Structure formats: structure tokens, C-alpha cells
Amino acid sequence: MPIPGSGLAKGLAVTLRTMTKRTVTAQYPDAQPELPPRTRGVIGLFEENCTVCMLCARECPDWCIYIDSHKETVPAAAPGGRERSRNVLDRFAIDFSLCMYCGICIEVCPFDALFWSPEFEYAETDIHELTHERDRLREWMWTVPEPPALDPGAEEPKEIAAARKAAEKAAAQAAAEAEAARTAAVDEDRKGDQQ
């Protein structure tokens, strides 16, 4: 059988304990907060990596990414080659009044053109000004922190292992070709000496 008033006494005890502790208030405009490393602030655009594949715009559940582009013909790299066409980015904008910061656009980008930036001070007085164009998104790209270092005990990523193996194979092939060329030159010298 509970003692009458014990709940009230427990509540008052919590209040008294809290009253004796010193309050910690962050004075926000004067003292900037220390954000966690994976903070989702805004989306930064690394425009050089964007191939205008439109995956981010298609996968966005809010349809808040606007991309415009045109095709440009690139002349042949070698004589006798054919001309190529490529997409050129004209407009890349994100409407942050619609964005729900899910990060799907960043995950589906196959060329690492989109990144999370910890910037969070981008408020506007008018909701129509929350649509930020590629120039503003590019400015935020330089605030993106470096990725954390890999765990020393972790397995090497498949991409790096494949690139390393390809480089070693190319180096071995170049060394074999150089050895074959050297052997052929020695054989030619021997034939010249015998004649």
C-alpha cells in the first residue's frame, strides 16, 4: 500500500535537485554550437562531378530538386574519330522549403556530386527565397568536412583493391614489355656483331 503523498514528495525532490544545479544555456548567436560530424545541414553541390543523370531529381520523394541541361557536341579526340555529345548543366536548384533532409539524393548520386554540409544558417524572410541555385550550393560544398578515416582493422574497399590490382597488372605488363624490348635490342646487337 503506497503512502499517501509519496508521489508528490518524489516530484518535489526532483524539482529541488534540479534547482540546485547550475543551468547551461548556449548563447547561440555569440557561441556557435559544436555539431556532430554527420550533421545534416544543407546539401552541397560539387558541380564538376555532376553528369546531369537526373537520378537525384527522380528519386527525391518531395520533388524539390530542379535540373535543367542542354546537349553539347564535343569534337573527336583523335583524327578519324567521331564526335560525342554530353549533357551540360544549366540549372541545379534545391527548394529547401520542400526538402525533408532524407538524404536519398546524396545516396543515389553515382558520381559523388552531392554532399551533406553542416551549414544550418540559411534562413530567409520569404519562403520563395529558400530555393537555392547551384552557385549557393557550390559555396556550401567547401564547408563539407572530410570523411572520417577508415578503421585500421577494416577490410580494404573493393574499389581500391580493384584499382590497386589493375595498377599492379599494368606495371607488370609495362615491365614485361620493357624486358622484351631490351631482349630484342640485345638480340639485334648480337646479330649485327655476327655479321
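The values are calculated or read from the model by the stated rules, or taken from the named source; none is laboratory data. Source: prediction; values computed, not measured. Don't worry about glycine lacking a Cβ; one is built from the backbone with ideal geometry, like all the others, and counts go over all protein chains shown. With ligands, DNA and RNA removed, areas are computed over all heavy atoms of the protein, side chains included. Shrake-Rupley method; radii C 1.70, N 1.55, O 1.52, S 1.80 Å.
Observations on the structure shown:
- Residue within segment 124-134 that is surrounded by 11 or more Cβ atoms within 10 Å (Cβ to Cβ) and touching a helix residue (DSSP H, G or I) at 6+ places or on another chain (Cβ under 7 Å) present: yes
- Residue list for segment 75-112, filter: touching a Pro at 6+ places or on another chain (Cβ under 8 Å) and free of Cβ contacts under 8 Å to residues at least 24 places away in the same chain: Glu83
- For segment 10-23, the set of residues classified as open to solvent by 60 Å² or more (accessible area, probe 1.4 Å) and not in a loop (DSSP other than H, G, I, E, B) consists of Lys10, Leu12, Val14, Thr15, Leu16, Arg17, Thr18, Met19, Thr20, listed by residue number.
- Looking across segment 151-182, not a single residue is basic (Lys, Arg) and either open to solvent by less than 60 Å² (accessible area, probe 1.4 Å) or in a loop (DSSP other than H, G, I, E, B) (or both).
- Scanning segment 36-94 for residues that are open to solvent by 60 Å² or more (accessible area, probe 1.4 Å), under 21 Å from Glu107 (Cα atoms) and modelled with pLDDT under 90 returns Pro36, Pro37, Arg38, Arg40.
- Boolean, Glu139 is closer than 16 Å to Phe46 by Cα and open to solvent by 70 Å² or more (accessible area, probe 1.4 Å): yes
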